[in-house]
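The values are calculated or read from the model by the stated rules, or taken from the named source; none is laboratory data. Please read these numbers as outputs of a predicted model, since none were measured by experiment. Don't worry about glycine lacking a Cβ; one is built from the backbone with ideal geometry, like all the others, and counts go over all protein chains shown. What goes into the accessible areas is simple: the full protein's heavy atoms, side chains included, and nothing from ligands, DNA or RNA. Shrake-Rupley method; radii C 1.70, N 1.55, O 1.52, S 1.80 Å.
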Amino acid sequence: MSKPFTPKVVTANALLEGDVVYLDATGEWARDLQDADVLEDQASAELKLLEAEARSHEAVGVYLADVVLKDSYIETTHFRETFRAKGPSNYAHGKQVELK
């Protein structure tokens, strides 16, 4: 018996900048996890993943990441995804520049 489906988002890295991106409900790449389209079933997740993989001129390393919704707030379920969502691990560039 397979394990039950858990909510997912499509994530990748933007081809030109390398930023972590998430597919939103309109099919655009968003840089904020909160803008991601949360996929609630296996069929729609697989379809969105295939569509995103076909856009290799925009993003690379496309895959599905597990998430949970807590009061309409999207949270990742794995440390790797939490780390990726925060941006580079130094304050010199990327999403963490404003944290200096």
For a quick check of understanding: with a 1.4 angstrom probe and all protein chains in place, what accessible area in square angstrom does K86 have, to the nearest ten? 120
Fraction of accessible area attributable to carbon and sulfur, the chain (%, probe 1.4 Å): 56
Most to least packed among 29-37, 42-50 [average Cβ atoms within 10 Å]: 29-37, 42-50
For E28, E75, write out the residues from largest to smallest accessible area, computed with a 1.4 angstrom probe and no ligands counted. E28, E75
Using Cα-only point scatterers and the Debye equation, what is log10 of I(q)/I(0) for the chain at each q in 0.21 Å⁻¹, rounded to two decimals? -1.10
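Set the Förster radius R0 to 30 Å, insert the Cβ-Cβ distance between E28 and F79 as r into 1/(1 + (r/R0)^6), and round the FRET efficiency to 0.05.
0.65
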With label points built 7 Å along Cα→Cβ from the Cα atoms of S44 and S2, find their separation and express it in nm. 1.7
Residues L16 and V68, FRET efficiency given R0 of 25 Å [Cβ-Cβ distance, rounded to 0.05]: 0.25
